[in-house]
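*Asks:* Attaching a single structure in structure tokens format; questions to follow.
The values are calculated or read from the model by the stated rules, or taken from the named source; none is laboratory data. Just so it is clear, the structure is predicted and the values come from calculations on it, not from any experiment. Here the Cβ positions follow ideal geometry from the backbone for every residue, glycine too, while neighbour counts run over all protein chains shown.
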Amino acid sequence: MPRANLKLSKRDDLYLQDTRVENLFISEYLPSAPEGYIKVYLFGLMYAQNNMSLDTAKLSRVLRISEDDLLQALKYWASAGLVKFEKSVDDSEYNITYVSQIELMYANNLQNNNTQQPENVPDSAEETEDEAVAKVVNMEVNALLRKYEELTGRLLSSEDSWKIHETIKTYDILPDVMSYAMDFCISEDRLSINQIVKTAVTWAKEGCHNLVDVKEYIDKHSKRNQHYKMVFHEMGWNRMPAPGDCEMMDRWFDELGYSIKEVLDACRAAAGLRDPSLKYVNKVLENKKLQAGGINTAPQRVSYGLQASTSDRPQAMVSKKVLKDYYDYIRLEGEKQQDARIDEVCSKIVEIRDLFDQENELNRNFMAMTLSAGREQKDVLRNKRRELENEKQSLLVEHGYSKDYLERRYRCDVCKDTGITNDGRICACSEARAKEAYKWNLERNQ
């Protein structure tokens, strides 16, 4: 019986053929990768499967990205273990080998079955310790993304995946701390990635570097919340404490140093009044401390301005925390107003919306740069950023806007609404802001 030779007819045109993408790439790497990097990987894979070389300048033109961005994308996939990236001796060409994750997994399993390898040994002798650590972290983060989808039943967008990756890298957050933030938020039915990331960042800013620190921080705040409830129960109130109430009670424990038992004793004295209030309790505790020589409750007189004044003026009766909260509030309002102006302009000028997209991609690339990145690379991105800004200003003027219409506006240009000047002094605007903060604090606590 004759032998049958089977084959598929080959299509000569590259763009009429098919590119095989492993499902492991789609499920494990695609959700967390920056969007621009994905198109670099897929386009290169198309050429690699046909054993074809490609000029990097042409590739950058086809994908509409710079060669520097192209290089960063290839390095990203090399650190993830999906490609092997090597330079020639004279830097005239790159040798890029796509690594099959299925074959790699099969080979590792086969090797583990035949010989017992020492733990934590990099796959390649040339692999540095930083690269090995980066691979482990990347695997942990990918597992974290899968965990979120399993717990919530939601599919993560590439933008949400990127937020988690960037937050971990920017704030040096351990993956297990981010995982704990995820558990913590989901248990409170706060499912958005923004809330999870914000929680993890808050812990990092509070100096929580590991799970032990995080749990101590949560325990401390849980006890304080319990103290708030005990005080309000003693006063006979069922409502939730307002921010001003919490600030006052915090002062009893942190500044005046009272125990919860001493505070509750003062509350019992106030609870019998016709109109019990925390202000009465505050006065009782202050007087008790004053009798012991602990504090001075007289209004303080302070000097405002960049230079000392011969006539001191009394500060409005707000604490440093209320004044700081008010500065935070007006900065947030300034951001909202700027965002509203940007939305307005983008809805009317399509070209500006494209420029913002380019600027966001540029900023992501800048953030992704390692500390070892050359000055020239960073200067290229800075120059591109200036060019985009000039284009935006030109479009604004063409459409009847002032060229600074989209810029951030401050109530005080000296301190940028922080209350502190560049030389570390209290800004002259503090007096006006303190008066505003007094009214603002009364309104938010009503």
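*Asks:* Given the condition of a type in the set (Gly, Ala, Ser), on the phi < 0 side of the Ramachandran plot and over 30 Å from the mean Cα position of the chain (by Cα), answer yes or no: does some residue in the stretch 39-49 qualify?
*Replies:* Yes, that holds for at least one residue.
*Asks:* Those residues that are touching an Asp or Glu at 6+ places or on another chain (Cβ under 7 Å) and surrounded by 13 or more Cβ atoms within 10 Å (Cβ to Cβ), I need them from the stretch 141-158; list them, please.
*Replies:* Hits for the stretch 141-158 are Asn142, Leu156, Ser158.
*Asks:* Go through Ala437, Ala428, Ala368, Ala432 for me and flag whichever is among the aliphatic types (A, V, I, L, M), modelled with pLDDT under 90 and not assigned by TED's automatic domain parsing to the domain that holds Ile342.
*Replies:* Ala368
*Asks:* Okay, moving on. Of the numbered conditions (1) touching a Lys or Arg at 6+ places or on another chain (Cβ under 9 Å); (2) buried (at least 16 other Cβ atoms within 10 Å of the Cβ), His227 fails exactly one; give the number of that condition.
*Replies:* (1)
*Asks:* Could I ask something else about it? Given the criterion assigned to a helix (DSSP H, G or I), out of contact with any Ser or Thr (no Cβ under 7 Å at 6 or more places or on another chain) and touching a residue at least 60 places away in the same chain (Cβ under 8 Å), identify the matching residue among Glu361, Glu387, Glu344.
*Replies:* On inspection, the qualifying residue turns out to be Glu361.
*Asks:* Name the single residue, out of those in the stretch 48-64 being assigned to a helix (DSSP H, G or I) and without any contact (Cβ under 8 Å) to a residue 12 or more places away in the chain, that is nearest to Leu82 (Cα to Cα). Before you say what the answer is, go through the steps one by one.
*Replies:* Quick first cut of the stretch 48-64, residues assigned to a helix (DSSP H, G or I) only: 48, 56-63.
Imposing the further condition that a residue be without any contact (Cβ under 8 Å) to a residue 12 or more places away in the chain reduces the set to 57-58, 60-61.
Values: Ala57: 22, Lys58: 22, Ser60: 20, Arg61: 23 Å.
Checking each candidate, the answer is Ser60.
*Asks:* Answer yes or no: is there a residue in the stretch 411-431 that is over 27 Å from the mean Cα position of the chain (by Cα), without any contact (Cβ under 8 Å) to a residue 60 or more places away in the chain and not in a loop (DSSP other than H, G, I, E, B).
*Replies:* no
*Asks:* With the condition kept exactly as written, say whether any residue in the stretch 319-328 is in contact with a His (Cβ under 9 Å, 6 or more places away or on another chain) and surrounded by 15 or more Cβ atoms within 10 Å (Cβ to Cβ).
*Replies:* Looking through the stretch 319-328, none of the residues is in contact with a His (Cβ under 9 Å, 6 or more places away or on another chain) and surrounded by 15 or more Cβ atoms within 10 Å (Cβ to Cβ).
*Asks:* Then there's this: Might you let me know whether the stretch 337-347 holds any residue that is at pLDDT 90 or above and surrounded by fewer than 16 Cβ atoms within 10 Å (Cβ to Cβ)?
*Replies:* So far as the stretch 337-347 goes, yes, one or more of its residues are at pLDDT 90 or above and surrounded by fewer than 16 Cβ atoms within 10 Å (Cβ to Cβ).
*Asks:* Next question, about the same structure. For the condition touching a Cys at 6+ places or on another chain (Cβ under 9 Å), part of a helix (DSSP H, G or I) and closer than 26 Å to Lys320 by Cβ, what is the one hit in Val281, Val263? First the steps, then the outcome.
*Replies:* Working: Val263 fails: touching a Cys at 6+ places or on another chain (Cβ under 9 Å).
Within the list Val281, Val263, the selection yields Val281.
*Asks:* Shifting gears a bit: Please go through the stretch 15-47 and pick out each residue that is assigned to a helix (DSSP H, G or I), among the hydroxyl-bearing types (Ser, Thr, Tyr) and at pLDDT 80 or above.
*Replies:* Once the filter is applied, which keeps residues that are assigned to a helix (DSSP H, G or I), among the hydroxyl-bearing types (Ser, Thr, Tyr) and at pLDDT 80 or above, the stretch 15-47 yields Tyr37, Tyr41, Tyr47.
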